1. Give the relative contact order (percent, whole number) for chain C; include only Cα pairs under 8 Å separated by 6+ residues.
2. Taking 0.36 nm per residue of sequence separation and subtracting the Cα-Cα distance, how much length would be gained by fully extending the chain between residue A:281 and residue A:20, in nm to one decimal?
3. Run the lone-cysteine check on the protein assembly as shown: no other Cys C-beta under 4.7 Å from the residue's C-beta.
4. I'd like to know which of C:131, C:153, C:53 lies farthest towards the positive end of the charge dipole of region C:3-156, counting +1 on Cβ of Lys and Arg and -1 on Cβ of Asp and Glu.
5. If R₀ is 51 angstrom, what is the calculated FRET efficiency for the pair residue B:121 and residue C:11, using the beta carbon separation as r and rounding to 0.05?
6. Could you work out how far helix A:162-177 tilts from the main Cα principal axis of chain A, as a 0 to 90 degree angle to the nearest 10?
7. What nm distance separates the two modelled labels at residue C:3 and residue C:126, each placed 7 Å from Cα along Cα→Cβ?
8. How many lysine pairs does region C:3-156 hold where the Cα atoms are under 22 Å apart and the two sit 8 or more places apart or on different chains?
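Rule-based calculations on the coordinates, nothing more; no lab input. Just so it is clear, the model here is predicted, and its values are computed rather than measured. Neighbour counts run over all protein chains shown; Cβ positions are idealised from the backbone, glycine included.
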Amino acid sequence: MEAAIAGIGATEFSKESGRSELRLAAEAVLAALADAGLDPSDVDGMVTFTQDSNQEISVAKEIGAGDLTFFSRVHYGGGAACGTVMHAAMAVATGMADTVVCYRAFNERSGRRFGQPDARLGGEPSSQGLEMSWHVPYGLMTPAAWVAMFAQRYMHTTGATSEDFGRVAVAMRRHASTNPAAWFHQRPITLAEHQESRWIVEPLHLLDCCQESDGAVAVVVTTAERARDLRQAPALITAAAQGAGAGQMMMTSYYRDGMDGLPEISVVGRRLWEMSGLGPSDIQTAILYDHFTPFVLMQLEELGFCGRGEARSYIQDGGIELGGRLPVNPHGGQLGEAYIHGMNGIAEAVRQVRGSSVNQVPGVHNVLVTAGTGVPTSGLILSAA
Amino acid sequence: MRTLTDDEVAIGSVLPELSIELTPTVVVSTALATMDFTPVHHDVEGARAQGSKDIFLNILTTMGLVERYVTDWAGPEAVIRRINVKLGVPAYAGDRLSFNGTIVSRSETDYTVEVRGKVSLGDHATGTVTFSLPES
Amino acid sequence: MTSDELLELADKQIAMGELRGSPSDDPVNAPMIRHWLDAMGNRNPLFLDKGLAPPSMAQVWTMSGVKRGKDPSPVDDLLKALDAHGYTGVVATNCEHTYHRYVRVGERLTPGTRFTSLAGPKKTAMGEGYFATWNVTWYDEDSEPVAEMMFRVLKFRPRVRREPYPLKPAVNRDTAFFWEGVRQGELRIQRCSSCGSLRHPPGPVCPSCHSTEQGYVVACGEGTVYSYVVHHHPPVPGKETPFVVAVVELPEGVRIVGNIVDCPVEAVGIGMSLRVTYRPMDDELILPMWAPRET
């Protein structure tokens, strides 16, 4: 890949931003451009999530960008995160654009909350509405419930327990506790607190679920060559991939296999290793999408960091904590820092590559990043130049 | 008006149809003539408030019209002995009530006519009327 | 009040026998007969010519009018009790008159009312209800009966329209057969008419052979829990928490999602045997759900 992330920017992460989503988007994009040392007039491409409420042209207008030659959107909720960077990288690699901004902005806590049931999900005469119609009438209609169904089966086949899920939450909150940007800064939890937190959807406790946040994150993608001349050390996009498995559904792929894995992440992982020529041992830290704790375990297996059913041993004794065998989400992830649909994880990966994270992992050369799981997803390997 | 004689009535004799246009005037005037002041028989708003689409015929009138249907045909001297009516759908103002009848049985003294009164919604009243004719 | 209590009250009212009312305020009279004949369109000359009342006017002579008081009747208490019990709807079902003789102008009639039966509760097209029957006899001044009436009403509990269930499925040409089956108490699994593959959820094209000719088989209705969740939070419209949703594996070889009902939440586990059951959610939607299979 001949592309790199040259700048990152974000708003503060909160429970109530007090501003419009468009304003959040513009603020994050301007911050990312400033970080890269670029001017809004340099932007000629924009990518966001299909779920984002801010049109590319609206954000471009707010920041005073000029003509756009490339704009696209990536579907499937948080599965889009790394996909936005992949689309941007393809655009700059093919000359469709020079400077592409990827952004995600929402008031997910103070505005529309994804964790709340929406009765309209099942009623729409679209292929997704029809897919939802096999589940929503039974009240199976929140992301926590969709994920819990996989988690229950995973526990059954691997012997993983709620405490194993809890260890992921404890690790993320430990990382967030030393990250001033994190909502849960200085608020670590214990495994006992995890176990005592109320049920959301069994087998998931409240502390198995990521937080809900208001905020925005943006990254600037340009050619690797150009990035080298900009203000920050580039984070090279060594590999980027999207993935959906055979028989995939939005978040209810209950009909295709053993329900104890995430085939879409396996697709992404295979592509990332192929494109980069790297393997798990070449990764110093990973940003694994942690909307719900069980899927962190399943991702470790699908990406080959450990064997099938072995994640519960892999994460024992701080295995995914700072100082462990593979520090995961040094920023605290979406459980600890903020839920910005995975875009804040990409920003952390860039900081790790630059060596500028508050929770810097020593000797980082390659960082693997994933996007929303259980849905069609995406991934990146970012590397130091 | 002439009363039928015994040899003019047989099992299977068919009564001519009587069709009555149920104007609001018919519904209201018959309700009052039968001393029935229930609002559903004269007050459109009251009837609608109770879930009916309009004012409708009261039962005392249905009985009176069944009597009339048989004596219109059999004649003034026919003596009505019994009227048995099974009540069906309401007969609303604006509808039309049509009676049909057939002689279905006779005893030494009495004839029984099967009567059906239909409106657009279906059977309003079905049943039998038993009458006798004066000895000729 | 239970249905037994209603029937007991009915027995009491029946045991009261006939209650005589007051004699009619006005005697049988020509003006009312003329008015009645006119309104009925009855041109029978017999009545006014001979001073007789039309027989079906029997009840008219003793109607209570607009503001005049009503005579006590053994029927009233029972109708009130039925109202109190929720059977507030009323529709007359039968009216039978027997005329012993035609009454003459000048006669004064007195009604007597007997409650004769209460039958129910019965399921009817109007809703659940009781049939209440009473008899009225009209007597002349010599206490001889001149006319009798049997009157029957259905007192029913008006059907309450169920709140529409908020979680409706989208249904289209590819999935209508499934929901039609559910309405008929059948769990239908799509079967490719060309290669025979079974598939759930269904779709328009067979992923194996690409045929667009799709039929279905009716599942035997048994299944086992493949995975499940217990939903506690947040509240879901139309559902009471906690509730169980399961991925159910069918012996036919497909999986289907549904609620597990008639089973304590703690008793649900992977591998549990289930049997399909059909639950009406509102006046339109029926959902297939799953109950523990009797062993």
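1. Details: 548 pairs, mean separation 39.0, N = 295.
The value is 13 percent.
2. On the way: separation 261, 0.36 × 261 = 93.96 nm, distance 4.28 nm.
Result for the pair: 89.7 nm of gain on full extension.
3. Result for the protein assembly as shown is A:82, A:102, A:209, A:210, A:306, C:95, C:220, C:263, no neighbouring Cys Cβ within the cutoff.
4. My answer, from the dipole projection, is C:53.
5. Values: r = 37 Å, r/R0 = 0.72.
FRET efficiency, residue B:121 to residue C:11: 0.85.
6. Tilt of helix A:162-177: around 30 degrees.
7. 1.7
8. Within region C:3-156, the lysine pair count is 12.
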